[in-house]
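The next block holds one structure in the form of structure tokens; read it before the comments.
The values are calculated or read from the model by the stated rules, or taken from the named source; none is laboratory data. Just so it is clear, the model here is predicted, and its values are computed rather than measured. Neighbour counts run over all protein chains shown; Cβ positions are idealised from the backbone, glycine included.
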Amino acid sequence: MQGKYLKPSPGKSKQPDLMLGYIDRIVRFVALWGGGLMIVSLMGITVIDVILRYFFNSPIFGARDVSKLIMLTVVALSVAYSARTGGQVSIELFSDMMGPRIIRWTEVFVRFIAMVMLIILAWRLWLSGLNASEFGEASLALEIPFKPFYFILSLGMLLYAIVLIAEIPLLLRGRATNIEPPSQ
């Protein structure tokens with residue numbers, strides 16, 4: 001939708017573009033390095049677990065617990081980058097019937113609602129993290145405490161909200177907001 005109706009950012013106002021560029025660098029670093037390291041570690045655990053299971057009939061105890069928590073971390077670290085690169089599902093039912101101005105305001109409204117929702121979600125996840133050890137929340141087999149994972153999820157959602165906050169001014173000026181993922 002954005003490619004059809006919104007124009008790329010011209011060079012007249014650099015301040016929001018600089019802020020979004022800074023946010024892009026942070027989001028890309030967190031997703032590609034943090035999420036990438038988690039995926040490599042998940043792959044290592046899975047390979048070792050499969051080898052031990054099939055050749056020695058002795059799987060890694062708690063590998064499923066560790067794998068679930070690693071996948072949770074990957075999602076938390078990557079959701080903001082997915083939003084910036086347009087990697088999330090977008091349904092365009094009525095965009096052909098609307099003009100560019102209505103589409104722009106719809107995009108602003110949707111991002112504003114999502115930003116509010118994500119800020120509330122980040123706040124509640126943070127509070128859940130503070131209470132997690134009090135309630136003894138932990139994984140089943142290894143009893144890994146959930147407290148730090150609530151905080152990781154909270155920070156991931158907050159980073160996503162920051163991305164939306166930075167995109168809204170560009171949308172208000174009718175500019176495209178998605179970046180291209182780095183090419184291989």
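Condition check ((1) among the β-branched types (Val, Ile, Thr); (2) modelled with pLDDT under 95) across all residues:
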{"site": "Val89", "(1), (2)": "yes, yes"}
{"site": "Ile119", "(1), (2)": "yes, no"}
{"site": "Leu140", "(1), (2)": "no, yes"}
{"site": "Ala166", "(1), (2)": "no, yes"}
{"site": "Pro169", "(1), (2)": "no, yes"}
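Based on what the data block shows, is Leu77 in contact with a helix residue (DSSP H, G or I) (Cβ under 8 Å, 6 or more places away or on another chain) and not charged (D, E, K, R)? So Leu77 fits the description; yes.
In the range 10-46, which residue that is surrounded by 13 or more Cβ atoms within 10 Å (Cβ to Cβ) and of a type in the set (D, E, K, R) is modelled with the lowest pLDDT? Looking at the filtered set, the residue picked out is Asp17.
Candidates Leu42, Leu37, Leu77: the one that is within 30 Å of Trp126 (Cα to Cα), assigned to a helix (DSSP H, G or I), touching a residue at least 60 places away in the same chain (Cβ under 8 Å) and within 26 Å of the chain's Cα centre (by Cα) is Leu77. If you go through the range 82-101 and keep only what is surrounded by 15 or more Cβ atoms within 10 Å (Cβ to Cβ) and free of Cβ contacts under 8 Å to residues at least 60 places away in the same chain, you end up with Ser82, Met98. Just to be sure, is Val66 over 28 Å from Ala161 (Cβ atoms) and exposed (fewer than 14 other Cβ atoms within 10 Å of the Cβ)? Spelling it out, it is not the case that Val66 is over 28 Å from Ala161 (Cβ atoms) and exposed (fewer than 14 other Cβ atoms within 10 Å of the Cβ).
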